[in-house]
Structure formats: C-alpha cells, structure tokens
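Q: There's a structure below that I have some questions on.
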Amino acid sequence: MNLISREELKEKLDRRDDFKLVMALGDWAYRASHIPGSLNLGHMNDVESLLNAQDEIVVYCSDPTCIASQAAYHFLTKKGFKYVRRFAGGLAEWEAAGYPLEGEGL
C-alpha cells in the first residue's frame, strides 16, 4: 500500500497540487467533519462520476484503525486507478496536529 504522511499531505494542500483528496467514510461522517477540499466517496458507485483513472488520489478515513480507506485504496487500484495513496492517520492525526477541519459537527 502506497502511503502519504500527514506532513506531505499538508504540503500538497498548501501548494494547491492537482490531486483528489477523498474521504472514504459515509455521507454523515463527511458532513460532520472532513479535511478541507475533500470529496466524499461514501458509495463506491460514485467513483466514475468523481474520479478519473489518471487522477492522483489520496484516500483517508477516521484514524489508523479504520479500514474504510484501506478498502477504498484496494477498490480503486483494482479498478485501474494507478496513482492512489492512503493517508493512514486520517482525521484523528490531522486534528491532533492542529490542522483545519470543516463540517457541520465542528
């Protein structure tokens, strides 16, 4: 599994790199709290409408023990997406670093 660190993800966002940041949890979790700029991939049926096989994609979920981002990573790579990485720390690590979140639950 190709991982990305919290610091590298923050740098990519700060530089406004061209990539898709995807939260792999359901709609309710996304609405409650997510990393700014994230797309929601709560349903695998949404993949074709949100992502292109040539996109650079970073998937994440709630924390290192959450398997949703692992499942999304494997799903995308099996569908032929070549440039997929996982931010394993998820929302918990992002928030612990004091980085911004957005959502209705904040």
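The values are calculated or read from the model by the stated rules, or taken from the named source; none is laboratory data. These numbers come from a predicted model, not from an experiment. FYI the Cβ positions are ideal-geometry reconstructions off the backbone, even for glycines, and counts take in every protein chain you see. Calculation scope for accessible area: heavy atoms of the full protein, side chains included, ligands and nucleic acids excluded. Shrake-Rupley method; radii C 1.70, N 1.55, O 1.52, S 1.80 Å.
Q: How much length is gained on full extension from Lys78 to Asp46, taking 0.36 nm per residue of separation minus their Cα-Cα distance?
A: Once the chain is fully extended between Lys78 and Asp46, it gains 10.0 nm.
Q: Give me a comma-separated list of calculated 3J(HN,Hα) values for region 63-71, in order, Karplus coefficients 6.51, -1.76, 1.60 applied at θ = phi - 60°, integers in Hz, x for any Gly or Pro.
A: Whole-Hz 3J(HN,Hα) from phi for region 63-71: 6, x, 8, 6, 8, 4, 6, 5, 5.
Q: Sticking with this one: Nearest-5 percent of antiparallel DSSP beta bridges in the chain?
A: Approximately 10 percent, going by the DSSP bridge assignments.
Q: Ok, one more. Quick check for me: using +1 on Lys/Arg Cβ and -1 on Asp/Glu Cβ, what's the dipole size of the chain about its Cα centre, in debye to the nearest 20?
A: Taking the Cα centre of the chain as origin, the dipole is about 340 debye.
Q: Still on this structure, I have one more. Per residue, how much accessible area does the chain have with a 1.4 Å probe, in Å²?
A: I get 55 Å² per residue for this part.
Q: Take Tyr83, Tyr60, Tyr30 and sort them by solvent-accessible surface of the protein heavy atoms, 1.4 Å probe, largest at the top.
A: Tyr83, Tyr30, Tyr60
Q: Separate question: Below 8 Å, C-alpha to C-alpha, sequence gap of six or more: please give me the relative contact order for the chain in percent.
A: Result for the chain is 37 percent.
Q: Leaving out ligands, DNA and RNA, and with a 1.4 Å probe, what % of the accessible surface on the chain is carbon or sulfur?
A: Of the solvent-accessible surface of the chain, carbon and sulfur hold 49 percent.
Q: Kindly provide the Kirkwood hydrodynamic radius of region 25-87 in Å, to one decimal, from all pairs of distinct alpha carbon atoms.
A: This gives a value of 12.0 Å.
Q: Expressed in nm to one decimal, what extension gain is obtained for the pair Ser5 and Glu104 from 0.36 nm per residue of sequence separation less their Cα-Cα distance?
A: 33.0 nm
Q: While we're on this one: In region 16-95, what trypsin sites (Lys or Arg not before Pro) fall in a loop by DSSP, with at most 14 other Cβ atoms inside 10 Å?
A: Arg16, Lys79, Lys82
Q: For the chain, what is the number of Lys pairs with C-alpha distance below 21 angstrom, counting only pairs 8 or more positions apart or on separate chains?
A: 6
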